[in-house]
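To start, the structure under review is shown below, and the notes come after it.
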């Protein structure tokens, strides 16, 4: 793979990196050349359906692409459109979501579907501002949906995009901030086809991570993911699976099955009730509806 020749002077702040139109063209050409030769075949790239793209973006939050592919297809087979998801029992939504983790995303996704049906006549809004009014959709997810579903030329950064810009423009720096990268993302964005441009950037970032030490470790925002084994998050997942399989599980049965510190389990159960995953009925727990 021929890499772009980094002959630009090194600057401590991205605002000082003055990209000429020629430099932007060279950068884009390199990224596109790799993409057209090696595009990743991902199912959400084959659709223009905003709801399908919404589902993929929520699933891809904090989850590896490989784990999302099959679950994305399974989820859309059960909930093919926004109204079917809005009307479904939460129990069914969580059942299909099992295996993806971060289960509160499933609740947020269903709440978003309900809001789209009730407030937007079943049509996903197109602007970043309106998208950010929906549950579970922050600045990045709103911008990604706007670009991928509606071809809006909005600037955003995620881990693979960050990797590309650090590799090219900050090769000798540590602790690079996103606020330094964002002006470069805006300058190099392809306004004619933002959707394909971001796919190309992400695929280039994946390639860089496979072929050299991960450049995104030089980001000021880089952090190792917290350990899952033995975490509250793991116990939450086990409790939800248990209550999905055995509705009306008694507290004692949950303690018995999990074999964890009862006080810790009780605290996590209280959190799941507060977050509207579970409802307590007498001495038993069921999925909240």
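Structural remarks
- Label-reachable residues, region 156-173, where backbone N falls under 19 Å from a point 7 Å from residue 45's Cα toward its Cβ: 156-165
- Helix axis angle, 178-188 relative to the chain longest principal axis, alpha carbon, degrees: 60 degrees
- Cα-projected label distance for residue 273 with residue 187, points at 7 Å along beta-carbon direction, nm: 5.6 nm
- 0 to 90° range, to nearest 10: angle between helix 262-274 axis and the chain longest Cα axis: 70 degrees
- Residue among 112, 141, 47 with the largest mean-square fluctuation in a Gaussian network model of the chain, springs linking Cα atoms under 10 Å: 47
- Taking the longest Cα principal axis of the chain as reference, the axis of helix 194-211 is set at about 90 degrees.
- Fluctuation leader among 140, 168, 199 - the chain, Gaussian network, Cα springs under 10 angstrom: 168
- For region 49-150: rounded, prolate or oblate by the Cα gyration tensor [a/c cutoff 1.5]: oblate
- Exposure proxy for 150, 75, 255: other Cβ atoms within 10 Å of each Cβ, ordered fewest to most, give 255, 150, 75.
- Rounded if a/c under 1.5, otherwise prolate or oblate - region 232-287, Cα gyration tensor axes: rounded
- Sequence of 249, 83, 231 once ranked by neighbouring C-beta atoms within 10 Å, starting from the fewest: 231, 83, 249
- Calculated [θ] (222 nm, deg cm²/dmol) that DSSP helices of n ≥ 4 give over the chain, each run adding -39,500 (n - 2.57): -17500 deg cm²/dmol
- Rounded, prolate or oblate (a/c below 1.5 giving rounded, otherwise prolate when a/b exceeds b/c) for region 139-189 by Cα gyration tensor: prolate
Any read-out appearing in this document is the output of simple, stated calculations on the displayed coordinates, not a laboratory observation. Because the structure is predicted, anything quoted here is derived from the model rather than measured. Cβ: placed from backbone, ideal geometry, glycine included. Neighbour counts: every protein chain shown.
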